[in-house]
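Asker: Have a look at the structure that comes next, please.
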Amino acid sequence: MAVVEAPPVPVADADEDAPRARTWTRGLGVAVPVALLALVAGACFLAPLVLPVPSPTGGNILEAGLPTGSPGHLLGTDPNGNDILSRILYGGQTSLIVAVTVNLLGLAVGGTLGALSGYVGGAADTVIMRLLDVLIAFPSLVLTLAVAQSLGPSLTNTILALGFFSVPAFARISRAATLSLREQPFMAAARLCGTKGRRVLLRHIAPNIAPQLTTFGMLGMGVVIVIEGALSFLGLGIPAPAPSWGNMISQGQASLSATPMLVLWPSLILFVTVLAFNLLGESLRTRWSVR
Amino acid sequence: MTAVTAGRHRGVGARLFASPSVRLVGNRLLMAIPITLGVSILTFWVLNLIPGNAAQQLLGADATPEQIRAMELQLGLDKPAPLRYLDWLGGAVTGDLGRSLVSGQSVAGQLGERLAVTGELVAMAFVVSLVLAVPVALLAAYRPNRLFDRLSMFVSVTGLSVANYVLALVLVLVFAVRFAVFPAIGFVPLSESVGGNLHSLVLPSAAIGIPMFCLYTRFLRGDLVDQMQGQDYVVTAQAKGVGPWRVLLRHAFRNSSFGLITVVGLNLSTLIGATVIIEQIFALPGLGQLMLQAINTRDMAVVQACVVVFAVVAVLANLLTDLLYAVLDPRIRYGSR
């Protein structure tokens, strides 16, 4: 009667294990990029305070063009004798500050505008959205170039120029999310209770559209870091000698075949940071099931 | 709906006007006009903020104020901005985009040549990325979470995190410096040699196309998997005994193609932005390079025309996206929203 004997039941085990395994990996999907970002941000902002990191500018010309692994200059020096590692750390401060500020700007201005527009509706909505359509119709880099050029290259102006294209994108997401909330029963309930518009926006709409905006913001961080680099590349970003990852790559381009490491080091750290933001955005998207 | 049924008894023209898709096209075309106008006004305004005008730029730093004044009069820069905008608009509507303040050439003529280069670059990047993305996404979605799927997702998430200028430089480093397979710079016009032209565009279009390939693959794969899991029509098809590939291709892919079209359409303006940098790196004589040069020389007529062309292309791409919806999806809700 061995035939009837049921085999041990790995199926049931697998079924029990599967969700646990999935949760475990899912936790990792957030933890790994967060750890990576903490590492990058910590290195950029804390290391120069704690460790004897040489100055990123005003290097000694006698020490120019040292190769990777030189004593005192772990990643070598650039043609101006500046320490590359130090420039990457200080440049990271710039790139991260720009990315965070631009996205906060987009979130605050665009998010509010979009939520208001979607909540109020009617003529105000049409006017706001048409104006934003104009901004969106602009290829963002082209607009940013024009704005950056008219304001002149500097840190603040780079932030403003990038904010110009970040705002409409946030506004669109925020409006779409608000519109889909409008039909929800709890919104009707709030209206029936006579809740004031401000309170509805802050207490009912804002918490519900926060996941979408946060996810978008994470992906936006990567985009902004890349575009800041693009601006530097076209000579309209953070002006030299101050370092940013973008302008390091663009300065290295001139001697690409002779000293490729000048391009590759900042490119690598740029890639890792953007990848971490993208992975984090993706994990949050899955976790909150945002589309 | 009543208009459609009534239309059956009227002439072809009336029927055409009553057709929802024609009305949709008309509506979208009408909306494209104010957007394009808005873009041109915005450009004009932003460019006016740039300190230092073309007269100063042309005469150099040591020009006397009188000389600058005379040059401004000659170029018509003394008129107030709104008036100059209207002048420009009047010309633009009739196809006259003015003359370049720096080279004196007609802007429209310059644009034509440049647009062909940029257009070719975009088209090559576009075709390659879509032709690769669709089969890869289909293969990945055929067996989700298997080796090929994981591999393709890894590649596409990685590829999406590489800035296009970094990718361009790495491509140059590998394929032009290390192995001299493709040229890093030196554009060969199509009229000179077709093979040489394609050869000179391989690296630039790869630098633009690879991130697009990654974006499309990831999106399409995700959407296909969503469709295949738990959509009623998929279950129905499977229950009818339709083969797995057929369900994927004829049922799920058809539905996922809407999402893909949206992504492609939305992405087009990013793509146009990318050409500016890529043309700069590979020294391609395209629209982006022209615009960048014009920005640096304060050649407003040229910048204005370039930006408007970029914007018109973006608006047209969105229009085309909407129209493709109407073609692909008979359930599309006309006029609502």
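The values are calculated or read from the model by the stated rules, or taken from the named source; none is laboratory data. Since this is a predicted model, take the numbers as computed values, not measurements. We place every Cβ from the backbone using ideal geometry, glycine too, and count neighbours over all the protein chains shown. Please note that ligands, DNA and RNA were not included when accessible areas were found on the heavy atoms of the full protein model with its side chains. Shrake-Rupley method; radii C 1.70, N 1.55, O 1.52, S 1.80 Å.
Asker: Local charge sum around B:Glu66 (other residues, Cβ-Cβ under 14 Å, Lys/Arg +1, Asp/Glu -1)?
Answerer: -2
Asker: Accessible surface of B:Tyr142 in the full protein assembly, 1.4 angstrom probe, to the nearest 10 Å²?
Answerer: Looks like 80 Å² after rounding.
Asker: Further, regarding this structure: To the nearest 20 debye, what charge dipole does region B:107-296 have about its Cα centre, counting +1 at the Cβ of each Lys and Arg and -1 at the Cβ of each Asp and Glu?
Answerer: 700 debye
Asker: Translational D (Stokes-Einstein, µm²/s) of region B:184-337 at 20 °C and 1.002 mPa s when Rh comes from the Kirkwood sum over C-alpha pairs?
Answerer: 115 µm²/s
Asker: Roughly how crowded by other chains is peptide A:43-51, in terms of the mean Cβ count from those chains within 10 Å of each of its Cβ atoms?
Answerer: Counting Cβ atoms of other protein chains within 10 Å of each residue's Cβ and averaging gives 0.
Asker: Where does each of B:Lys240, B:Lys79 land when they are ordered by accessible area, with a 1.4 Å probe and the largest first?
Answerer: From most exposed to least exposed: B:Lys240, B:Lys79.
Asker: Taking a quarter of the surface of the convex hull around the Cα atoms of region B:107-296, what do you get in nm²?
Answerer: 12.9 nm²
Asker: Could you work out the pair-distance distribution P(r) of the protein assembly as shown from its alpha-carbon pairs, with 10 angstrom bin width and percents rounded to whole numbers?
Answerer: Using 10 Å bins, I get a P(r) of 3, 13, 22, 26, 20, 10, 4, 1, 0, 0, 0, 0 for the protein assembly as shown.
Asker: Compute, for A:Glu183, the solvent-accessible surface of its heavy atoms (probe 1.4 Å) with the complete set of protein chains present, and express it in square angstrom to the nearest 10.
Answerer: 150 Å²
Asker: Please report, in debye to the nearest 20, how large the charge dipole of the protein assembly as shown is about its Cα centre when each Lys and Arg carries +1 at its beta carbon and each Asp and Glu carries -1 there.
Answerer: So the dipole magnitude of the protein assembly as shown works out to roughly 2340 debye.
Asker: If you don't mind, another one. Return one number: the angle in degrees, 0 to 90 and rounded to the nearest 10, between the long axis of the Cα atoms of helix B:253-282 and the longest principal axis of the Cα atoms of chain B.
Answerer: Computed tilt is about 30 degrees.
Asker: Just to make sure I understand: if all protein chains stay in place, what is the order of B:Glu192, A:Glu228 by accessible area at 1.4 Å, largest first?
Answerer: The ordering from most to least exposed comes out as B:Glu192, A:Glu228.
Asker: Once the whole set of protein chains is in place, how much accessible area is left on A:Thr286, using a 1.4 Å probe, in Å² to the nearest 10?
Answerer: Probe radius 1.4 Å; accessible area of A:Thr286 about 90 Å².
Asker: Please give the helix B:81-93 orientation as an angle from the longest Cα principal axis of chain B, in degrees from 0 to 90, rounded to the nearest 10.
Answerer: 60 degrees
Asker: Okay, next question. Looking only at other chains, what is the average number of their beta-carbon atoms within 10 angstrom of each beta-carbon in B:165-174?
Answerer: 6
Asker: Please give the average number of partner chain Cβ atoms lying within 10 Å of the Cβ of each residue in B:126-139, rounded to a whole number.
Answerer: 0
Asker: Springs between alpha-carbon atoms under 10 Å, Gaussian network over chain B: tell me which of B:Arg146, B:Arg114, B:Arg254 tops the mean-square fluctuations.
Answerer: B:Arg146
Asker: Who wins for biggest fluctuation among B:Pro65, B:Pro183, B:Pro34 in a Gaussian network model of chain B, springs between alpha carbons below 10 Å?
Answerer: B:Pro65
Asker: Shifting gears a bit: Would you calculate a helix-derived [θ] at 222 nm for chain B, using -39,500 (n - 2.57) for each DSSP H run of n ≥ 4 and dividing by the full residue count, to the nearest 500?
Answerer: Dividing the helical sum by the residues of chain B leaves -24500 deg cm²/dmol.
Asker: Any chance you could list P(r) for chain B, counting all Cα-Cα pairs in 20 angstrom bins from zero, rounded to whole %?
Answerer: It works out to 24, 47, 26, 4, 0, in whole percents.
Asker: For A:Ala124, what is the net charge nearby, where nearby means another residue's Cβ is under 14 Å from its Cβ and Lys, Arg count +1, Asp, Glu -1?
Answerer: +1
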